[in-house]
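Peer 1: For reference, the structure I am asking about is given below.
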Amino acid sequence: VLSFAAFITYVLYPAVPPWLADQYYGTIPETIYSIREEVFSGWLYGPNVSYVMRYGNPNVVAAMPSLHAAYPTLIFIFSLHYWRRVAPLALLYCFCLWFSIVYLGDHYVVDIIAGIVYALATLLGLEALGWLQRRRGAGRGAVDRPSSGIAV
């Protein structure tokens, strides 16, 4: 559901990520130094990962919402419910990932916020659908299962 909602958004609102905006439109000020090429081109002295990312990416205008932000947010929310001890690590992972995708020029902060909102909306929407199904099933004499508190 989350990926499909994001895909619809990509089609209706093809947002350009910062690295592409700078490359084609020069929108990033010269005072900001992009380390994208240095980080990915010499990564572990292997193949030019930046080349693969640039030319192997089928949808370079899929920046809004950030699924890089949405899926770790889902992991954090699930960890709050199922693995409370892991939740602080999941939150730390979220913050590190959010920082890195802005720092590397893959997303704007608003893309991250939109990704978080999409993740929360997906969870709430699926939970509401589950509640409606349980309610309809209970009206037919079916056994009402208690909510897990999170949509699966």
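Peer 1: Sort Asp111, Asp106 so the one with the fewest other Cβ atoms within 10 Å of its own Cβ comes first.
Peer 2: So the ranking, lowest neighbour count to highest, is Asp106, Asp111.
Peer 1: Counting other beta carbons within 10 Å of each residue's own, what order do Phe99, Phe78 fall into, fewest first?
Peer 2: The most exposed by this proxy come first: Phe99, Phe78.
Peer 1: Can you order the peptides 79-90, 63-74 by their average number of other Cβ atoms within 10 Å per residue, highest first?
Peer 2: Put in order of decreasing packing, that is 63-74, 79-90.
Any read-out appearing in this document is the output of simple, stated calculations on the displayed coordinates, not a laboratory observation. A quick note: this is a predicted structure, and the numbers were derived from the prediction, not measured. Please note: Cβ atoms are built from the backbone with ideal geometry, for glycine as well, and neighbour counts cover all protein chains shown.
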